[in-house]
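I have placed the structure first, in the form of structure tokens, so that the comments after it can refer back to it.
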């Protein structure tokens, strides 16, 4: 395999958690709720997967538990932001801090113990002989396939169905949606919970495909990169796919360059994804300075029916 | 609360006349005019967070009361524990003050961790490149460079926000990771102590490069920096035009813009102050506590300071109280390690305090009404 193919494979495997988390973020923010707890949710997802997988040895049970636990966190976030109309920024921050603390606390006994297996791969023997596609798609994780499928499903859901129309209406103008008989609170609750569960799966994928053991603070801020990717992807699942692959490539590029024997200290190579995130967002801000950014218009604004205007 | 205060709240409609009033129902009413939460919400949220974490401790097979008692005794029970608490409270106070300044105008700086780290690095640079200075000059230079480095890191968050419309939360967090990686680079690479047995870290500071301490304790003069900064901030908010504009922007950003307040300039100034204060904290930490630059110079002070600031309701005087409380929480977290609990329990407590706090800020706006 040549360097480019290897990089592509690494980009997809490093990009999958980012993609899942970005899709989760898109669902949240399309419904008008800011989700800054992504990093904490990913950590909780990762630690739940580790604990349940090590205890029961059943991967699917572990993934189910991950979805359940992070959905509870999503419920908490939506209760705070939708029902209580609390500050969404602070609620997300609290979720990040609490998630990293709780995951470290719960994960202490399983820290450093390797998992019984990594993410199961789907073998497609008929694809293998094709030069570039074969090595990439021939042996991909189930979770990666799931994330690719989700890109398509969510794209169709958001842009082609009446459910998606309702979702966009709630995110852009909840008062109008309310008048039209759409249940704003119900929609916000369900998408925030679904989004949180997706972000939790991102954490699970991270621990399964990336580092098959639990370590404290395992995500190294990738949840925050996903928060940036939601903006980079302009709240669009199809764009999210490309953005996540791009960042996955950046993430693994540093490691690949190191393997080639470069003399640049590894610390600088590890900085690349963080610095590029800032630069990309600055470029987007500059390019779109006179254009609508695609932000859901009611993002971060709690909806109060009694104050309709 | 009088009726005219609730003018824009939902006013309950009287039951239509002539209808039977036997059916009763309860409903939640939201009153947005009750913007100030009562003084006891922070206390209540701390208590509720303790109860929540007690469940997790009990699930781990320990008695929560024993654990909390040990945490409290470790943090405040002995003279040594108390001075340690104060030592931890210094960076929390400085970072928390910087965060409070920024949050007052809704600039969500979560980069205090990185700003603290670069402040510590800048202070260490003085000890590496100008080793022979006298005590006064080296401390002064370390302080100034620490402020400058922290402020520069804050500026790197502010300019993308003001000129490119980039969310400062993302920028400041990304810069935290950049700062920590830069710290790794210098302690493993160019600044590594040649006599340090290959252990990552800079050479020990000399006595001239260390902050004076109180007696035989580890409590250093950084406490005075923190208190002076609180006092200056308090006076500036009270008596200057800048403080007035800051308050106006916090209370009503739209009104502030129409009043011609230069919001971009304020964001930049506020981030310079915020970063500079975190830089002082970093300088005080290397020069007053660890006496050398090393990995893990901050056990998450920058993040804890966010909760410290929010718990104090961004009030500078309240900050003194909450930073001591959270300093105690960190020290208490260390002291339960001896009975086999991970110290991340204090992190967990911090997160849940924030949860209950933001919920508590809103919950008093609701009231249960009986509609007949």
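Readers should treat all values here as calculations from the given coordinates under stated rules, not as data from a laboratory. Predicted, not measured: the structure shown is a model, and the values here were computed from it. Cβ sites come from the backbone with ideal geometry, for glycine too, and all protein chains shown count toward neighbours.
Give, in nm to one decimal, the length gained when the segment between residue A:213 and residue A:256 is fully stretched (0.36 nm per residue of separation minus the Cα-Cα distance).
Working: separation 43, 0.36 × 43 = 15.48 nm, distance 2.17 nm.
Length gained between residue A:213 and residue A:256: 13.3 nm.
Could you tell me what percent of the DSSP beta bridges with both partners in the protein assembly as shown are antiparallel, to the nearest 5? Intermediate values should be presented prior to the final figure.
On the way: 11 of 12 bridges.
So the antiparallel bridges amount to about 90 percent of the total.
For B:352-360, what's the mean count of beta carbons from other chains sitting within 10 Å of each residue's beta carbon? If you can, show how the numbers build up before the last one.
Working: counts 5, 3, 8, 10, 1, 3, 11, 8, 2.
For peptide B:352-360, the averaged partner shielding equals 6.
Run the quick spin-label model on residue B:66 and residue A:118: label points 7 Å from Cα toward the beta carbon, then report their separation in nm to one decimal.
Once both label points are built, they end up 4.3 nm from each other.
Work out the P(r) tail for the protein assembly as shown: percent of alpha carbon pairs separated by more than 48 Å, whole number.
Numbers: 36246 of 231540 pairs.
In whole percent, the share of Cα-Cα pairs in the protein assembly as shown beyond 48 Å is 16.
Jot down the radius of gyration and Dmax of chain B, Cα atoms only, both in angstrom.
Cα only, chain B: 23.8, 93 Å (Rg, Dmax).
If you build a Gaussian network model of chain A, linking Cα atoms that sit under 10 Å apart, which residue out of A:160, A:256, A:139 swings the most?
A:160
What FRET efficiency comes out for residue A:275 versus residue A:4 if R0 is 22 angstrom and r is the Cβ-Cβ distance? Round to the nearest 0.05. Before the final figure, lay out the partial values.
Working: r = 23 Å, r/R0 = 1.05.
So, using R0 = 22 Å, E works out to roughly 0.40.
Take every Cα pair under 8 Å in chain A that's 6+ residues apart, average their separations, divide by the length, and report that relative contact order as a whole percent.
Working: 515 pairs, mean separation 116.4, N = 309.
The normalised contact order for chain A reaches 38 percent.
Assign one of three labels to chain A, namely rounded, prolate or oblate, based on the Cα gyration tensor with a ≥ b ≥ c the square roots of its eigenvalues; rounded applies when a/c is under 1.5, prolate when it is not and a/b is larger than b/c, and oblate otherwise.
Numbers: a/c = 1.66, a/b = 1.42, b/c = 1.18.
Because a/c hits 1.5 or more and a/b exceeds b/c, chain A counts as prolate.
Between the helical axis of B:41-59 and the dominant principal axis of chain B, each derived from Cα atoms, what acute angle in degrees is found, rounded to the nearest 10?
Tilt relative to chain B: about 70 degrees.
How shielded is B:154-167 by partner chains, expressed as the average number of their Cβ atoms within 10 Å of its Cβ atoms?
Values: counts 0, 0, 1, 1, 0, 1, 6, 2, 0, 4, 11, 9, 12, 8.
Going residue by residue through B:154-167 and averaging, the value is 4.
Determine, for each peptide in A:273-282, A:53-62, A:74-83, the mean count of other beta carbons within 10 angstrom over its residues, then list the peptides with the highest first. Before the final figure, lay out each step's value.
Numbers: A:273-282: 20.5, A:53-62: 16.0, A:74-83: 22.3.
Going by the mean number of other Cβ atoms within 10 Å, highest first, we get A:74-83, A:273-282, A:53-62.
Rounded if a/c is under 1.5, else prolate if a/b beats b/c, else oblate: with a ≥ b ≥ c from the C-alpha gyration tensor eigenvalues square-rooted, which is the stretch A:143-241? Could the numbers behind the result be given before it?
On the way: a/c = 2.42, a/b = 2.02, b/c = 1.19.
Verdict is prolate for the stretch A:143-241.
Defining a contact as two alpha carbons under 8 Å apart and six or more residues distant in sequence, what relative contact order in percent does chain B show?
Numbers: 597 pairs, mean separation 132.8, N = 372.
Relative contact order, chain B: 36 percent.
When 1/r is averaged over all different Cα pairs and the result inverted, which Kirkwood radius in Å belongs to the stretch A:82-166?
Over the stretch A:82-166, the inverse of the mean reciprocal pair distance is 17.6 Å.
Output the 0 to 90 degree angle, nearest 10, between the alpha-carbon long axis of helix A:142-160 and the longest principal axis computed from the alpha carbons of chain A.
In chain A, helix A:142-160 runs at an angle near 30 degrees to the longest axis.
Give me D for the stretch A:12-129 in µm² s⁻¹, whole number, from Stokes-Einstein with Rh from the Kirkwood sum over alpha-carbon pairs, 25 °C and 0.890 mPa s. It would help to have the intermediate numbers written out before the result.
Numbers: Rh = 15.7 Å.
Rounded, D is 157 µm²/s.
What's the angle, to the nearest 10 degrees (0 to 90), between helix B:344-363's Cα axis and the longest principal axis of chain B?
So the inclination is approximately 30 degrees.
Please give the contour-minus-distance gain from residue B:232 to residue B:134: 0.36 nm per residue of separation, less the Cα-Cα distance, rounded to one decimal in nm. Write out the running numbers ahead of the final one.
On the way: separation 98, 0.36 × 98 = 35.28 nm, distance 2.82 nm.
Contour length minus the Cα-Cα distance gives 32.5 nm.
How many angstrom lie between the C-alpha centres of the stretch A:187-207 and the stretch B:265-293?
For the stretch A:187-207 versus the stretch B:265-293, the Cα centre distance is 36 Å.
Take chain B, connect every pair of alpha-carbon atoms lying under 10 Å apart with a spring to form a Gaussian network, then pick out the residue of B:218, B:257, B:70 with the largest mean-square fluctuation.
Highest fluctuation among the options: B:257.
So what's the gap between the Cα centers of the stretch B:319-342 and the stretch A:240-309, to the nearest angstrom?
Measuring centre to centre over Cα atoms gives 35 Å.
Using a Förster radius of 22 Å, what is the FRET efficiency between residue B:247 and residue B:363 based on their Cβ-Cβ separation? Nearest 0.05, please. The partial results should precede the final answer.
Working: r = 25 Å, r/R0 = 1.16.
My answer for the efficiency is 0.30.
What nm value, rounded to one decimal, do you get for the distance between residue A:58 and residue A:172 when each label is placed 7 Å out toward the C-beta?
4.5
Mind checking the mean number of beta-carbon atoms from other chains within 10 Å of the Cβ atoms in A:282-292? Mind dumping the intermediate values first?
Details: counts 8, 2, 3, 7, 5, 1, 2, 3, 0, 0, 0.
That works out to 3 on average.
Under the definition of Cα pairs under 8 Å and six or more residues apart, what whole-number percent is the relative contact order of the stretch A:42-148?
Numbers: 83 pairs, mean separation 25.2, N = 107.
The value is 24 percent.
Can you work out the FRET efficiency for the pair residue B:43 and residue A:136, with r the C-beta to C-beta distance and R0 = 51 Å, to the nearest 0.05? Each step should come with its number before you reach the end.
Details: r = 57 Å, r/R0 = 1.12.
Once the sixth-power term is evaluated, E becomes 0.35.
For chain B, set up a Gaussian network in which alpha carbons nearer than 10 Å are linked by springs, and say which option among B:163, B:266, B:291 fluctuates the most.
Result for chain B, Cα springs under 10 Å: B:163 fluctuates most.
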